[in-house]
Number of protein chains: 2
Amino acid sequence: MQVNELGEFGLIDQIRKRFEGYYNSSVTGIGDDCAIIPKNKFVSNLVTCDTLIENIHFFKNGIQPEDLGHKSLAVNISDIAAMGGKAEYAFLSLAVPAVTSCTWITRYLDGLHDLARDEGVILLGGDTTKSPEHIAITITVIGSADNQNIKRRSEAKPGDMICVTGYLGDSGGGLQLLLENRKLTDEHERNLVHTHNHPRVCHHEGRWLASQQAVHAMIDITDGIASDAWHVARASGLTLLIDTEQLPLSESLIITSEKHDWNIRQLAVSAGEDYVLLCTIDPLECDRIQKAYYKKFGSNLFAIGKVKQGKPNVEIFGKGEKISVLSGGFEHFQ
Amino acid sequence: MQVNELGEFGLIDQIRKRFEGYYNSSVTGIGDDCAIIPKNKFVSNLVTCDTLIENIHFFKNGIQPEDLGHKSLAVNISDIAAMGGKAEYAFLSLAVPAVTSCTWITRYLDGLHDLARDEGVILLGGDTTKSPEHIAITITVIGSADNQNIKRRSEAKPGDMICVTGYLGDSGGGLQLLLENRKLTDEHERNLVHTHNHPRVCHHEGRWLASQQAVHAMIDITDGIASDAWHVARASGLTLLIDTEQLPLSESLIITSEKHDWNIRQLAVSAGEDYVLLCTIDPLECDRIQKAYYKKFGSNLFAIGKVKQGKPNVEIFGKGEKISVLSGGFEHFQ
């Protein structure tokens, strides 16, 4: 059997099964956005690690090096944010072909540096090495969070409202434009590609949501809302209902989808890399939290569905009708 | 300019200059085997990150997957050991082509698992992804050490004896056999290849040496003794004298070098990946420490040279004569 038949989640399960016997009660390992390592009675370290590989996660001519520097750190900060932490230290493994220009590297570091500075992350180490052909970037980020505020995928409760912190599908639309190799003809198309290449990271939003007791489960949207909701469903042992009519869609995505005849709901449901946060909230507190969130951040916390008792599933509704049921996720190897 | 002209250390310097302005007095960033992040008044976390890439660091048909699993973790534990720490948690980023067999991956995880179990390291997370062509492995290890015991490259003192914890050149000899694609014909050749593919890691030795006040500087030998001694020379602002007549050589390397007419001193001085520790020791205490080390570990702590006042240099002596002066190191990009 080859790894593409086993699949990404099959592989992760295999690794987890191999090592989880060694987990003691104090640490949390594979299975959430970050690992949790207790620091003291009050605070834990959160650790996450993400890899971006040329021609798999990006095309060198489809992204400015500054944007890649930004994105390679942003995806990690997003994992820390999704558990309610503050990202603190980064470790960069940068493998590049020997012919890579120093200008490209300087510009890559510019992007990494600017996001690190803005988000208060310090690059403390890593590794640099030659790669035979493709750029490979792995960043590990260590953050910290108050133990009482750490949010897990597994904490959704029946009746919870499901909310997201931003637009869905924009990054997928940007990727679509890049894959079709289109010349960008207006501001909307440029917005979508910018969202794909230079994702905004909900670092402050994550910490604020995590500080709210009424917020139960949290995760960041990396593989598409259907897939990431499935992780919450599986970890919490519940069914998540998502109403496609309520998915927040940007003006840029609406206009560009009409222009190119894209299925906008499909993009919003299944395209990845939006790096907004999904959380589930006590229904009695949801309205209060949405208002407080708007007051604090000047942007909406969009309600898009509900959690209910039932076997782990994600049920997608459109105009009141069930349009699909998902019990899997995005597969990197397929 | 291309990155191969800038060189590995030029690139690391560029990254360091970019980020060290953000280091506060409590953390230690780029410039030693590990970064140091204080945990509390008594203990710090040590963090290190190493990448192995197919066709750069290994050939898939030159190493058993179990050995690669072992080695990819061992190189990181060695960095923690070199600063006197105990390796505790590992994060694995594994990027493999979609056609990689599940058997290969299982065997890779076997090797990683066995070393992790033996050394008390827990795999807590990471990332798995597809790679277009070559396997790329990045492991980040977090360890801890008592603040008073952490050993740095920069702490060598004039007059110190330079010691190493094991044979030099064996790994380089093994690599030579692999590069020449030789059929291994005896136990000695197999020993050298085994040392290259399955390095022993001086985890306990490092911690014990670190607990000795008379041990001043420490580093692990990854790029060859000349190159790694240069890191100590540069960080400490001193000259290191190394006597090639005193370099510890294994019977397997001596016999195999004679057989293939290799320059054994050159291998022992400049070949890398032995992962033994180099430390500098107060000359008045060196004899006592060597004896205690032998009693504790049943193996020798070999004295191979001295530290003296002078500009940062490594001077290599053979039969009493200076045979070369080094003021650079191994370059991954050249």
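Hey, among B:G69, B:G31, which residue is surrounded by fewer than 20 Cβ atoms within 10 Å (Cβ to Cβ) and under 19 Å from the mean Cα position of the chain (by Cα)?
After applying the criteria, what remains is B:G31.
Say we look at segment B:34-46 and pick out the residues that are hydrophobic (A, V, I, L, M, F, W, C) and outside any strand (DSSP E or B); which of these is nearest to the chain's Cα centre (by Cα)? Among those residues, the one meeting the criterion is B:C34. Residues in segment A:299-323 that are of a type in the set (K, R) and either modelled with pLDDT of 95 or more or farther than 17 Å from A:H231 by Cβ (or both): A:K306, A:K308, A:K319, A:K322. When each of B:I137, B:I142 is tested for being buried (at least 24 other Cβ atoms within 10 Å of the Cβ) and facing chain A (nearest Cβ under 8 Å), the lone residue that passes is B:I142.
Residues that are more than 24 Å from B:G7 (Cβ to Cβ), at least 2 per element: which helices (runs of 4 or more DSSP H) completely within segment B:221-334 meet that? Steps first, answer last, please.
On the way: elements: B:225-236, B:251-260, B:264-270, B:286-297.
Helices (runs of 4 or more DSSP H) meeting the threshold: B:251-260, B:264-270, B:286-297.
Considering only segment B:158-211, state which residues are touching a Pro at 6+ places or on another chain (Cβ under 8 Å) and farther than 15 Å from B:W262 by Cβ. Scanning segment B:158-211 gives B:G159, B:D160, B:M161, B:V164, B:G166. All but one of (1) of a type outside the set (S, T, N, Q); (2) away from chain A (no Cβ under 11 Å); (3) assigned to a helix (DSSP H, G or I); (4) surrounded by fewer than 17 Cβ atoms within 10 Å (Cβ to Cβ) hold for B:I77; state the number of the condition that does not hold. Against the list (1) of a type outside the set (S, T, N, Q); (2) away from chain A (no Cβ under 11 Å); (3) assigned to a helix (DSSP H, G or I); (4) surrounded by fewer than 17 Cβ atoms within 10 Å (Cβ to Cβ), B:I77 comes up short only on (4). With hydrophobic (A, V, I, L, M, F, W, C), touching a residue at least 12 places away in the same chain (Cβ under 8 Å) and in the same structural domain as B:E245 (by TED's automatic domain parsing) as the only criterion, which of B:L179, B:L175, B:L184 stands out? Selected residue: B:L175, the only one of B:L179, B:L175, B:L184 that is hydrophobic (A, V, I, L, M, F, W, C), touching a residue at least 12 places away in the same chain (Cβ under 8 Å) and in the same structural domain as B:E245 (by TED's automatic domain parsing).
Does A:S26 fit the bill of being of a type in the set (G, A, S), surrounded by fewer than 16 Cβ atoms within 10 Å (Cβ to Cβ) and either farther than 30 Å from B:N4 by Cα or in contact with a Gly (Cβ under 6 Å, 6 or more places away or on another chain) (or both)?
Values: of a type in the set (G, A, S): yes; surrounded by fewer than 16 Cβ atoms within 10 Å (Cβ to Cβ): yes; either farther than 30 Å from B:N4 by Cα or in contact with a Gly (Cβ under 6 Å, 6 or more places away or on another chain) (or both): yes.
The answer is yes for A:S26.
Name the residues in segment B:255-298 that are loosely packed, with under 14 Cβ neighbours inside 10 Å and either more than 23 Å from the chain's Cα centre (by Cα) or modelled with pLDDT of 95 or more (or both), would you?
So in segment B:255-298, the residues loosely packed, with under 14 Cβ neighbours inside 10 Å come out as B:258-261, B:263, B:284, B:287-288, B:291, B:294-296, B:298.
Within segment B:255-298, B:E258, B:K259, B:H260, B:D261, B:L284, B:D287, B:R288, B:K291, B:Y294, B:K295, B:K296, B:G298 meet the criteria.
So if I check each of A:E273, A:E258, which one is touching a Ser or Thr at 6+ places or on another chain (Cβ under 9 Å) and more than 18 Å from A:G305 (Cβ to Cβ)? Full working, then the answer.
Working: A:E258 fails: touching a Ser or Thr at 6+ places or on another chain (Cβ under 9 Å).
A:E273 is the lone residue from the list that is touching a Ser or Thr at 6+ places or on another chain (Cβ under 9 Å) and more than 18 Å from A:G305 (Cβ to Cβ).
Pairing each residue of segment B:100-114 that is in contact (Cβ under 8 Å) with a residue 24 or more places away in the chain with any residue that is surrounded by fewer than 17 Cβ atoms within 10 Å (Cβ to Cβ), provided the two are 6+ apart or on different chains, yields C-beta distances under 7 Å for B:T100/A:Q2.
I'd like to check something: does segment B:183-191 contain any residue that is of a type in the set (V, I, T), closer than 24 Å to B:K306 by Cβ and over 17 Å from the mean Cα position of the chain (by Cα)? So far as segment B:183-191 goes, no, none of its residues is of a type in the set (V, I, T), closer than 24 Å to B:K306 by Cβ and over 17 Å from the mean Cα position of the chain (by Cα).
When the residues of segment B:34-48 are filtered to those that are more than 16 Å from B:A82 (Cβ to Cβ) and more than 9 Å from every other protein chain (Cβ to nearest Cβ), the one that is surrounded by the fewest Cβ atoms within 10 Å (Cβ to Cβ) is B:K41.
The condition of being out of contact with any Phe, Trp or Tyr (no Cβ under 7 Å at 6 or more places or on another chain) and on the phi > 0 side of the Ramachandran plot holds for only one of B:G206, B:G159, B:G224, B:G172, that being B:G159.
Does B:G69 satisfy being assigned to a helix (DSSP H, G or I) and either within 12 Å of chain A (Cβ to nearest Cβ) or of a type in the set (A, V, I, L, M, F, W, C) (or both)? For B:G69, the condition - assigned to a helix (DSSP H, G or I) and either within 12 Å of chain A (Cβ to nearest Cβ) or of a type in the set (A, V, I, L, M, F, W, C) (or both) - is met. All conditions in (1) surrounded by 23 or more Cβ atoms within 10 Å (Cβ to Cβ); (2) touching a residue at least 40 places away in the same chain (Cβ under 8 Å); (3) within 9 Å of another protein chain (Cβ to nearest Cβ) hold for A:L123, with the sole exception of (2). In segment A:80-99, the qualifying residues are those that are touching a Phe, Trp or Tyr at 6+ places or on another chain (Cβ under 9 Å) and facing another protein chain (nearest Cβ under 7 Å), and the one that is farthest from A:T129 (Cα to Cα) is A:A98. Inside segment A:1-33, can you point out the residues that are more than 7 Å from chain B (Cβ to nearest Cβ) and part of a loop (DSSP other than H, G, I, E, B)? A:G7, A:N24, A:S25, A:S26, A:G31, A:D33, listed by residue number. Restricting attention to segment B:186-219, the residues that are assigned to a strand (DSSP E or B) and hydrophobic (A, V, I, L, M, F, W, C) total 4.
The values are calculated or read from the model by the stated rules, or taken from the named source; none is laboratory data. Just so it is clear, the structure is predicted and the values come from calculations on it, not from any experiment. Positions of Cβ are generated from backbone atoms using ideal geometry, with glycine treated the same way; all protein chains shown enter the neighbour counts.
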